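Laboratory data are not the source of any read-out in this text; all were calculated from the coordinates shown. Here the structure is a predicted model, which is why all the values come from computation and not from measurement. When we count neighbours, we look across all protein chains shown, and the Cβ atoms used for this are built from the backbone with ideal geometry, even at glycine.
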Amino acid sequence: MLDKIARLRENVASVYLGETAVIDRIICCLLARGHVLIEDVPGVGKTVLASAIAKSIRGTFSRVQLTPDLLPADIIGVTIFSKDGNAFEFRRGPIFANIVLADEINRTTPRTQTALLEAMSDGSISIDGTTHTLEPPFIVLATQNPYEFEGTYLLPENQLDRFLMRISLGYPSAEAEHRLLEVRPSQTVLETLAPVLDASDFVEMQGEVDRVMLSEPIRDFLIRFAHATRAHDSIEIGLSPRGTLALAHASRATAAMAGRDHVIPEDVLGNVTPVCAHRVFLRGDSGFSNWNAAAAVLDEILRTVGSPI
């Protein structure tokens, strides 16, 4: 497993020239069967990173450019009447892929966002009374611009909760930007990037993550931390049970990436901000959560609940 992760990391790093820690975050999400929300200003490599991850995993891949005029049927598919077969036929939309790149998710309307996020939550879609299962592995890599940018629609709390992690890329270092100007990876390397894993390999790796042990003291800490977020004076909406499960899944994946069969405290603590900061909402937030402020409150809570062990 460690060899496969190393090959995947190296393949993505040949295109995305930013911090490798960001690549590891996304790999962690994939291993934990979680969807990823990448938020940052335009032009820092969100789409290049997501495309490189998708191309590195052999399997079906689709990219949806989300726009204000996009309809739910444009994503999930539509039932039409076929004159040839003299019957109604379901034509699948781009959601039917192993890796789905949903580009600029917050530029489409809430109705279309909901159609996509329901598929993410259930792993299936229902149309005209028929349920269609999405073949595993099924992972959505979504990108979005900051909420204050013109032409964006806020993702509400229940939809943000569908993402295992919300991460930010930041600006590249001077050295990385120098290489970016020289190599232009999005126009050269990305076009010819070959997969390094099969979909079946990936499903097997996810199974290995499921077998990572979560000890009683670690489970106790997760519960104490979640309850502390719900009781904190600065927090309007604390961590949900789904959020607690998400933190446990991410911790297991982190342990597996380190070659361990059990979770240690560092696995949990290192995932608190990317997994939990978008799931808690501070008092006074006008429909959105200040990500950095939420992260600061979570750090404060960690100091009060004590060590996992």
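Residues of region 258-287 with amide nitrogen under 18 Å from the 7 Å Cα-to-Cβ point of Leu154? Correct set: 277-287.
So how do Asp261, Asp267, Asp161, Asp128 line up by other beta-carbon neighbours within 10 Å, fewest first?
Working: Asp261 11, Asp267 26, Asp161 19, Asp128 8.
Listed from fewest to most nearby Cβ atoms, that is Asp128, Asp261, Asp161, Asp267.
Per-residue ellipticity at 222 nm from helix content only, as computed over the chain with -39500 (n - 2.57) for each DSSP H run of at least four residues, stands at -13500 deg cm²/dmol. Mind listing which GluC sites (Glu not before Pro) in region 80-149 are in a DSSP loop and have 15 or fewer other Cβ atoms within 10 Å? Sparse-neighbourhood loop GluC sites (Glu not before Pro): Glu148.
What the phi angles of region 96-104 give under the Karplus curve with 6.51, -1.76 and 1.60, with θ = phi - 60°, is a coupling list of 7, 8, 5, 10, 10, 9, 9, 7, 6 Hz, glycine and proline written as x. With loop membership from DSSP and a limit of 11 other Cβ atoms within 10 Å, the longest segment of the chain without trypsin sites (Lys or Arg not before Pro) is 84-210. Taking amide H atoms as placed 1.01 Å from N in the peptide plane, the amide H of His132 lies under 5 Å from those of Ile125, Ser126, Ile127, each 5 or more residues away in sequence or on another chain. With θ taken as phi - 60° and the Karplus curve 6.51 cos²θ - 1.76 cosθ + 1.60 applied, the whole-hertz 3J(HN,Hα) list for region 243-251 is x, 4, 4, 4, 5, 5, 4, 5, 5 Hz, x standing for glycine and proline. Taking label points 7 Å from Cα along the Cα-to-Cβ direction, Ala194 and Ala21 give a separation of 3.3 nm.
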